[in-house]
2 protein chains.
Amino acid sequence: MSLFLSVVPVKRAIEVAKSLATAPKTEYVPLTEAQERVLSGDIASDIDIPGFTRSVMDGYAVRAADTAGAGESAPAILALKGRVLMGNSADCAVQTGECAYVPTGGILPEGTDAVVMAENTEPFGDSILIKKPAADGENVIRYNEDFKKGEVVLEKGRRLSAQDLGVLAAVGCAEVPVTKQPRIGILSTGNELVPVTQVPATGQVRDVNSFVIAAFVRDHGCVPVSYGIVRDDREAFGAALATAARECDAILISGGSSKDDRDMTAVVIAGMGKVFVHGVAIAPGKPTVIGRVGTVPVIGLPGHPAATFVVLVAIVRHLLDGMTGNAAPDPVTLPATLAMNVPSTKGREDFLRVSLKDGIATPLFGKSGLLNTLANSDGVLRVPAESEGFEKGSRVEIIPW
Amino acid sequence: MSLFLSVVPVKRAIEVAKSLATAPKTEYVPLTEAQERVLSGDIASDIDIPGFTRSVMDGYAVRAADTAGAGESAPAILALKGRVLMGNSADCAVQTGECAYVPTGGILPEGTDAVVMAENTEPFGDSILIKKPAADGENVIRYNEDFKKGEVVLEKGRRLSAQDLGVLAAVGCAEVPVTKQPRIGILSTGNELVPVTQVPATGQVRDVNSFVIAAFVRDHGCVPVSYGIVRDDREAFGAALATAARECDAILISGGSSKDDRDMTAVVIAGMGKVFVHGVAIAPGKPTVIGRVGTVPVIGLPGHPAATFVVLVAIVRHLLDGMTGNAAPDPVTLPATLAMNVPSTKGREDFLRVSLKDGIATPLFGKSGLLNTLANSDGVLRVPAESEGFEKGSRVEIIPW
């Protein structure tokens with residue numbers, strides 16, 4: 001039996017990753033803790049907003065028709081009927097030829113339909129001179145113009161921004177139904193790995209990927225659970241994988257970088273569950289493994305940091321979004337002009353790290369083992385499988401990190 | 001004495017906000033907690049990375065000169081000297097006419113300078129047929145090519161991304177010097193405000209801004225401290241402000257939206273400290289107040305949610321970045337084509353909410369009191385003070401939310 005399935009297109013790897021995502025569960029969190037969480041259901045407004053027609057200016061509530069033709073030299077003269085206090089109902093109905101003072105946010109008195117800014121008025125005995133005509137609805141927000149009672153204001157699958165929290169506050173959503181944050185187990189394998197606190201001897205390197213993966217997982221609304229460095233030994237690795245599968249909702253393995261180590265990852269996953277993908281037509285990142293242990297999705301990532309990061313951005317993201325229920329479209333890309341030719345092999349998706357300045361994207365042709373080009377790049381240029389590359393001066397889209 | 005200073009340009013308001021920022025303090029956090037924190041000092045590498053010349057492929061380490069002219073039909077034949085194991089030093093020196101197997105990440109044996117991928121080789125008795133020439137340095141990362149010992153790898157003022165955590169791990173930075181997160185007090189004033197859990201009566205609205213402000217503060221690396229809704233009453237407001245000034249590093253006040261309330265904010269700040277700005281040439285957001293109580297910067301924000309958000313993005317951000325020591329340049333803007341004419345008044349910076357789709361920016365001419373245009377917009381178009389607006393079809397830059 002060959003575990004080395006044929007290399008699959010990135011598109012297929014994404015489909016498999018998505019299909020393995022387990023359905024998110026719901027929990028309720030206080031509004032103050034809902035930031036960046038994903039809504040697990042539609043949110044409807046419990047009230048009409050605003051619940052009354054209100055002024056957006058300090059000024060005089062009027063009937064717009066009474067101000068027609070008003071100007072500096074020929075002001076309309078309206079009898080001042082009263083003053084609206086903040087938070088209070090207007091106790092005066094306003095008739096033709098009358099007006100009432102209203103503060104910003106104040107309720108428009110019955111009979112009025114517009115507000116003239118205070119700057120365009122002048123007191124005149126018991127009346128007010130109106131020096132500028134108002135259109136019907138000017139400087140007011142009408143009853144339920146913002147949101148209607150029962151209207152869905154935010155949809156299921158939305159990752160909540162600062163502004164969204166404002167909307168939730170307005171519609172009385174003090175306890176927010178969100179998806180539970182999946183726990184993502186992270187294992188690092190490789191006999192060459194040593195912990196950060198240790199000075200590597202010759203032939204050794206510090207474990208870098210588990211920190212990068214954990215941070216990426218957090219950025220995508222999940223909780224990373226680190227299982228540390230696991231020796232390249234089937235028994236030790238199998239035991240760690242079994243523990244992670246019991247305790248987590250998905251598992252990411254930062255693979256040993258040699259072929260033997262990579263094979264071990266696939267063999268052990270296959271022994272405990274199933275391997276669906278072993279090898280993706282992506283550069284860097286070809287030796288990616290996608291499988292499952294029980295119901296727990298497992299992705300084996302390449303050992304090189306830049307390759308790891310590309311696979312996180314191109315493939316793993318879809319698994320995490322599926323598990324958090326994040327329905328956001330693909331991340332915003334930045335248009336740029338390419339500073340040099342980028343050749344590429346047809347049939348393979350290339351992801352080139354680029355620096356981006358003043359709309360010019362400069363590829364950093366660093367090897368995928370280098371950290372400095374990863375940290376100093378602003379994003380990646382994706383060269384689709386069907387493309388043979390881009391010419392200098394092409395307009396391209398950059399996926400920002 | 002007039003507290004109503006003349007309206008100042010946005011640029012001046014930003015300068016004042018920056019000048020009030022107190023200097024950040026340093027604390028050390030474990031690497032796993034350093035994500036999104038701001039470095040309080042330069043970080044140098046404690047070692048050469050890599051500490052040895054290593055292979056980025058599974059293959060054969062060779063002297064590149066020995067492979068010159070090699071091809072399918074005329075392979076170079078190199079005697080196999082041995083195999084390098086992961087994490088171990090190569091114990092064989094390789095001479096002219098010899099090669100050694102090396103796994104990805106393995107140390108190059110002495111005497112070799114390149115690696116030929118296994119795919120381009122074939123075993124041949126005790127030798128290896130090399131079917132493709134290798135250039136000097138091909139498929140290897142050289143000793144300290146990534147980072148040199150003592151080299152600054154990340155600079156003070158950098159807000160740490162997932163990739164940056166990888167760099168810190170590589171250079172042995174297990175405890176990271178970061179700036180302390182400033183505590184930002186948030187007060188909401190306005191007699192019309194009721195808590196989220198309450199159904200507003202006519203004339204009342206729920207307190208929306210304090211949630212939006214808290215989330216924005218968190219997004220900018222600070223810790224929000226909510227003081228809830230404070231009545232529009234000088235004594236109560238003064239007492240809350242004094243408490244916040246004792247407990248926090250800066251204070252943001254979501255102002256009552258009427259002129260009387262706004263005046264109260266400025267008057268109370270002036271009574272307890274100093275008001276530097278009262279009125280900014282920005283729309284929406286004109287009634288912004290910038291002052292100080294003791295050494296604590298205080299910014300009074302307009303009451304309308306969209307106006308609040310614009311002032312957070314345009315002005316408050318600079319105060320928060322100053323206090324966290326975030327040296328990041330201005331946020332990335334997205335180029336777009338304008339879908340319609342945008343008139344603007346010279347001398348005032350306008351911030352228009354826009355929706356952005358396929359590179360087309362469509363202004364949402366909603367009133368600043370509306371939440372739905374805030375939550376459904378993708379960012380803002382800034383119309384500079386010296387501009388009279390933009391014509392339909394203009395190329396503009398959008399500041400994404």
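The values are calculated or read from the model by the stated rules, or taken from the named source; none is laboratory data. This is a predicted model, so every value here is computed, not measured. Note that we place each Cβ from the backbone using ideal geometry, even for glycine, and neighbour counts take in every protein chain shown.
Listed by position, the strands (runs of 3 or more DSSP E) inside the range A:80-195 whose residues that are of a type in the set (Lys, Arg) and buried (at least 24 other Cβ atoms within 10 Å of the Cβ) number at least 2 form an empty set.
Kindly indicate whether B:Thr337 is farther than 30 Å from B:Gly185 by Cβ and either assigned to a helix (DSSP H, G or I) or among the polar types (S, T, N, Q) (or both).
So B:Thr337 fits the description; yes.
Can you name the number of the only condition in (1) at pLDDT below 90; (2) under 17 Å from B:Val311 (Cα atoms) that B:Val380 fails? Checking B:Val380 against (1) at pLDDT below 90; (2) under 17 Å from B:Val311 (Cα atoms), the one that fails is (1). You will find that of B:Val62, B:Val56, B:Val29, the residue that is surrounded by fewer than 18 Cβ atoms within 10 Å (Cβ to Cβ) and either in contact with a Gly (Cβ under 7 Å, 6 or more places away or on another chain) or at negative phi (or both) is B:Val29 and no other.
Out of curiosity, is B:Ala214 in the same structural domain as B:Gly41 (by TED's automatic domain parsing) and at pLDDT 95 or above? The answer is no for B:Ala214.
Residues of the range A:202-232 that are of a type outside the set (Phe, Trp, Tyr), more than 8 Å from chain B (Cβ to nearest Cβ) and over 25 Å from the mean Cα position of the chain (by Cα): A:Gly228, A:Ile229, A:Val230, A:Arg231. In a residue-by-residue description of the range B:324-336, the property of being under 19 Å from B:Ala13 (Cα atoms), out of contact with any strand residue (DSSP E or B) (no Cβ under 8 Å at 6 or more places or on another chain), crowded, with 18+ Cβ neighbours inside 10 Å and not acidic (Asp, Glu) applies to no position.
Being closer than 19 Å to A:Arg12 by Cα, under 21 Å from the mean Cα position of the chain (by Cα) and not charged (D, E, K, R) is a property that A:Leu312 has.
Restricting B:Gly273, B:Gly325 to residues that are under 23 Å from the mean Cα position of the chain (by Cα) and touching a residue at least 24 places away in the same chain (Cβ under 8 Å) narrows the list to B:Gly325. From the set of residues in the range B:9-44 that are more than 10 Å from every other protein chain (Cβ to nearest Cβ) and hydroxyl-bearing (Ser, Thr, Tyr), which is nearest to the chain's Cα centre (by Cα)? So the residue we want is B:Ser40.
You will find that of B:Pro297, B:Pro305, the residue that is in contact (Cβ under 8 Å) with a residue 24 or more places away in the chain and within 21 Å of B:Asp378 (Cα to Cα) is B:Pro305 and no other.
Within the range B:327-339, is even one residue out of contact with any Phe, Trp or Tyr (no Cβ under 9 Å at 6 or more places or on another chain), away from chain A (no Cβ under 14 Å), within 24 Å of B:Leu381 (Cα to Cα) and among the acidic types (Asp, Glu)?
No, the range B:327-339 contains no residue that is out of contact with any Phe, Trp or Tyr (no Cβ under 9 Å at 6 or more places or on another chain), away from chain A (no Cβ under 14 Å), within 24 Å of B:Leu381 (Cα to Cα) and among the acidic types (Asp, Glu).
Can A:Ala385 be described as in a loop (DSSP other than H, G, I, E, B) and not assigned by TED's automatic domain parsing to the domain that holds A:Val205? Considered against the rule, which asks whether it is in a loop (DSSP other than H, G, I, E, B) and not assigned by TED's automatic domain parsing to the domain that holds A:Val205, A:Ala385 comes out as yes. Just one of the listed residues (A:Phe147, A:Phe237) is touching a residue at least 24 places away in the same chain (Cβ under 8 Å) and within 8 Å of chain B (Cβ to nearest Cβ), and it is A:Phe147.
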